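The values are calculated or read from the model by the stated rules, or taken from the named source; none is laboratory data. All of these numbers come straight from a predicted model, not from anything done at the bench. For neighbour counting, all protein chains shown are included, and Cβ atoms are generated from backbone atoms with ideal geometry for every residue, glycine included.
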Amino acid sequence: MLNEEERESEKGEKLLDRCTEDLKLSTIKYAKRQLKWIQNRFQKRGDGQIPPIYGLDVTDVSCWDEKVRRVAEEIVEDVLEGRKPRHEPLPFIDGRDHDVYTTHKCETCGMYLRGAIQFREHLEGNKHRKMLKKKNKKEQTSTQPSDND
């Protein structure tokens with residue numbers, strides 16, 4: 001442990017910078033291990049005993065309310081009210097990537113895709129997202145009461 005004078009010195013500043021970088025690297029490694037654990041524990045088990053897992057974009061703290069809090073509240077609200085959530089859960093990961101002969105159907109887009117990798121890429125793609133937004137918008141307008149009532 002450095003005393004006050006040593007902390008203010010050039011040596012102390014360099015030591016602080018090095019420790020900060022080491023902490024950042026450790027945090028990145030820990031985050032990667034967390035993601036692997038989540039994938040192995042939840043996403044690779046499509047046995048029906050695991051509830052859907054939702055991913056939230058926490059990369060930009062300045063957009064926290066919009067991209068994290070609001071989305072999480074909408075998901076919880078939809079589940080509590082018995083509705084299909086407005087946001088898509090993360091897809092279950094088929095641990096067998098050689099699964100190229102299985103056909104998957106995207107219910108949102110009506111597309112048939114070969115293999116888990118192609119299906120997962122489709123779910124993350126722009127076309128699927130646009131179709132999902134369009135479908136959600138259509139559902140919202142059909143559930144709103146008309147002005148004549």
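Residues in the stretch 31-70 that are touching a residue at least 12 places away in the same chain (Cβ under 8 Å) and part of a helix (DSSP H, G or I) were compared, and the one that is surrounded by the fewest Cβ atoms within 10 Å (Cβ to Cβ) is Ile38. One residue stands out among those in the stretch 71-97 that are out of contact with any helix residue (DSSP H, G or I) (no Cβ under 7 Å at 6 or more places or on another chain) and surrounded by 13 or more Cβ atoms within 10 Å (Cβ to Cβ): the one that is modelled with the lowest pLDDT, which is Gly95. Check the stretch 99-113 and report whether any residue there is part of a helix (DSSP H, G or I) and among the hydrophobic types (A, V, I, L, M, F, W, C). Checked against the condition, which is being part of a helix (DSSP H, G or I) and among the hydrophobic types (A, V, I, L, M, F, W, C), the stretch 99-113 yields no hits at all.
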